[in-house]
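J.: Pasting a structure below so you can have a look.
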Amino acid sequence: MEKLDLKLDVFEGPLDLLLHLIEKNKFNIFDIPIVEITRQYLDYLDQMEEENMDIMSEFLVMAATLISIKSKMLLPKEETEEEEEEDPRAELVKSLLEYKMYKYASSELKDMSIDAANAFYKEPTIPKEVKQVKEEVDPAELIGDMTMQKLNEIFKTLLRREIDRVDPVRSKFGTITKEEIRLEDKMVEIQNEVRGLKSINFKTLLGSKRGKLNLIVSFLAILELMKSGVLLIRQEEMFGDILIDSLE
Amino acid sequence: MSDTESQVNIKAAVEAILFATGTAIEATKLMAALGTEEEPIGKKEFKAAIDELMSEYEAEDRGIRLIELDGKYQLCTKNDYYDVLAKIVNMPRKHSLTDVLLETLSIVAYKQPVTRAEIEKIRGVSCNHAVNKLVEYNLICEVGRLDAPGHPILFGTTDDFLRCFGISSMDELPDISPDKIEDFRRQAEAEAGIEVPT
Amino acid sequence: MSDTESQVNIKAAVEAILFATGTAIEATKLMAALGTEEEPIGKKEFKAAIDELMSEYEAEDRGIRLIELDGKYQLCTKNDYYDVLAKIVNMPRKHSLTDVLLETLSIVAYKQPVTRAEIEKIRGVSCNHAVNKLVEYNLICEVGRLDAPGHPILFGTTDDFLRCFGISSMDELPDISPDKIEDFRRQAEAEAGIEVPT
C-alpha cells in the first residue's frame, strides 16, 4: 500500500479529504468506487494522530457513512420494487458537489482579496470649522419604549437559548445504567472459547449465545478482538461461512 | 443655476464630502445634503455626476478612485499605488484569511442569511471558531434570528466584506450557479473519458 | 520610462499618498518614496508634477485642493464645500438599539459585573461591537477588572441606564433567580422527555 504521510490538519474536514482522494485517483465523482474510496479513507484515518478527538470524531462520522453506503451497495437489490432504487451514494455526491462549489468560490474570493487588499482608505479629516461638538446620544431617546420588563423578557429568552444550545446528541443520552453484560467480560469469554481451536464458524460461536443483548455484546466483542489483533475473520466466498481464527 | 454649473458643483461637493469623511456614505444622504429644502437634488442628476466623477478618477494621472458599496460611495487609493504607499504609510497588513475562514465566508456570502447549522452541514465540520473570527473581523455579522427552535442566529456579509473583495454589491460575486456544478460534471466526464448520465 | 509617463505616475502617486495619510508630508519624504534607491526622483521633476497637480485641483469641479505648508504638502477640503460637508457630518443620526445591543444590554444588566467572555458564552457569538456601542452610548461602563489571567474588564450598567429605565437601583430589576434557570432546565427536560444531567 502506498504510504500516506499526510497530516490530518492539511484537510479542512472529511469532505475535503474525500475530494482529495477522488481527485488523486481521478475517480469520477458521479460514480465513486465506494469500496476503494472507503479503503483509502480508512487507511488514512489509521495514520491520523488521535490527539484531537474533536477533529477525529468528524472524520469518523464520515467513515461510518462510507461504510454504510458500502454495505448498502453490497446488499442484493430488492427486485420487487417497481421504481428504481436511489443510488446509496446520491446524498454523498450531492454534499461533495456542494462543498466543491464553495471551495471553488473561496479560491476565487481569495484571488479577489489579494488584489483588493492593495487599496487604502482614509481616516476622517473633518475641518475644525465643520466639526461641531460631538453629538451626544440621548440615552432616554435611545431606549425609547423599552422597559425593564421587556429587557427581562429578552434576558430570559437568551437563557433559554443557551440551554437549548446544549449538544442535541449527547444531551439525549440521559442516564447511563450499568450494563447487564459487560463488553470486557464477553471479550474474555470469547477469547477463552476460541483459544486452542484452529478456527470456529461465526454462526457456531454466536449460536451458543442466548438473548438479544448477549448476541449484540458478543458481536461487539468479536469486533473488538479483531481490531486488537486477537482474532482473524475470514470469508472465503461471497455469502460463504465466516470463519474466526485465533491468532494467539 | 445652469445645469452644467450645478453638475460641476455636485462633483466637487461629492469629492469634498467623501475626502473629508473618508467613509462610505449613502447615496440618499449625499443627495439630501446636496440639495436644498426647496430644491432637493434629483436622482438622475446625482447619478450623472457620480458617473462622470468615477470615469474622471479612472484617468491615469489620478491616484484615487470612487467606489460604490451597496448604495454607498467611498474614495480609496488605486491598487497600483500600494507599493509606494507602503513606503510612507505604516498600515498593518490586513489579516490574511485562512482556507477555513474563506470557505466559511463564501458559504455565508452565497447562502445568506444563513445559520451555523447550515454552514456546518455544507462543510461537514463545526464552524464556531471560523464564524466567531469572521464576526470579529467584521466580514460577517448577525442579521437576525431564524424562526425555529432555539432561534439560531442568522449571519450575513458586511460592507467590509465588499471592500475586502473589491466588489460593489453581491451581484459581482463569482458565479457559482448550478451551471458550475454542470461544469464539474463535464470535467469529470472528460477526465473519465466516459459519458455521465445526467 | 519616458518623462511624460513618469510625470503622470508621480501625480497619481502623490495624490494616493496624500489622500491615504490625510496629513502634511515633507517633500523630501515624498521624493524618496517616489524614486528608487538607485534612481531617486529629481527635485525639478517632482516640483513640476506638484505644480501641475495644484493647478488641476483649482478646477471648479474639484472639491479638494493641494496646499504647501513649509516644505510639506497636504490635501484638504475646499472651503466652499464646508457647508455641504457640515450637513453630512452633523446630519442627525437615527440611533436605536438593535436586537444585538438589547440582548447584550440585558446580559450586562442581570449578570453584572460581567466580562466580554461571559457575554459571548451566553449569546454564543462575539460581542465586541455591541459592548463598544453600549459603552459609547453610556449605558454600560467598565466597573473593574476580573482577578483572572489577562485581567479582563468587568462591565456594569451606568446611572444613565437606571435613569432611562426609571429605576433607582439594580435591586428593582425584575427577578431572574436561580429558580428561573432551574425552571428552564426542567422545561427543556420535559420537552426532550429525558433527564438532563445537572
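J.: Kindly identify the range B:51-116 as rounded, prolate or oblate by the Cα gyration tensor criterion: order the square roots of the eigenvalues as a ≥ b ≥ c, call it rounded if a/c is under 1.5, otherwise compare a/b with b/c, prolate if a/b is larger, else oblate.
T.: Details: a/c = 3.46, a/b = 1.48, b/c = 2.33.
Taking the square roots of the gyration eigenvalues as a ≥ b ≥ c, the range B:51-116 is oblate.
J.: With only alpha-carbon atoms in the gyration tensor, what are the semi-axes of the equivalent ellipsoid for the range A:208-248, in Å, largest first?
T.: Semi-axes (√(5λ), whole Å): 19, 15, 8.
J.: Starting from the 7 Å offset along Cα-to-Cβ, what nm value, one decimal, do you get for the label separation of A:Glu189 and C:Arg163?
T.: Taking the two extended label points, one gets 7.7 nm.
J.: Then there's this: For C:Glu136, which inter-copy label distances result when the label point lies 7 Å beyond Cα on the Cα-to-Cβ vector, reported in nm to one decimal and in ascending order?
T.: Here the equivalent label points are 2.1 nm apart from this one.
J.: Still on this structure: How far is C:Ala32 from the same spot in each other copy, in nm, shortest first, if each label point sits 7 Å from Cα toward Cβ?
T.: 4.6
J.: Report ³J(HN,Hα) in whole Hz for each residue of the range A:34-40, in order, from the Karplus equation J = 6.51 cos²θ - 1.76 cosθ + 1.60 where θ = phi - 60°; Gly and Pro get x.
T.: Taking θ as phi minus 60°, the curve returns 5, 5, 5, 5, 5, 4, 5 Hz for the range A:34-40.
J.: Moving to a separate point now. Given contacts defined as C-alpha pairs under 8 Å and at least six residues apart, what's the relative contact order of the range B:94-145, whole-number percent?
T.: Relative CO of the range B:94-145 lands at 39 percent.
J.: For the range C:1-146, what is the Kirkwood hydrodynamic radius in Å, using each pair of distinct C-alpha atoms?
T.: 19.8 Å
J.: Cross-link list A:Lys72/A:Lys198; A:Lys70/A:Lys227; A:Lys122/C:Lys72; A:Lys186/B:Lys121: which exceed 30 angstrom alpha carbon to alpha carbon?
T.: As for pairs spanning more than 30 Å Cα to Cα, those are A:Lys72/A:Lys198; A:Lys186/B:Lys121.
Bear in mind that the values in this text are calculations on the coordinates, not laboratory data. It should be emphasised that the depicted structure is a prediction, and the values quoted were computed from it without experimental measurement. Backbone-built Cβ (ideal geometry, glycine too); neighbour counts: all protein chains shown.
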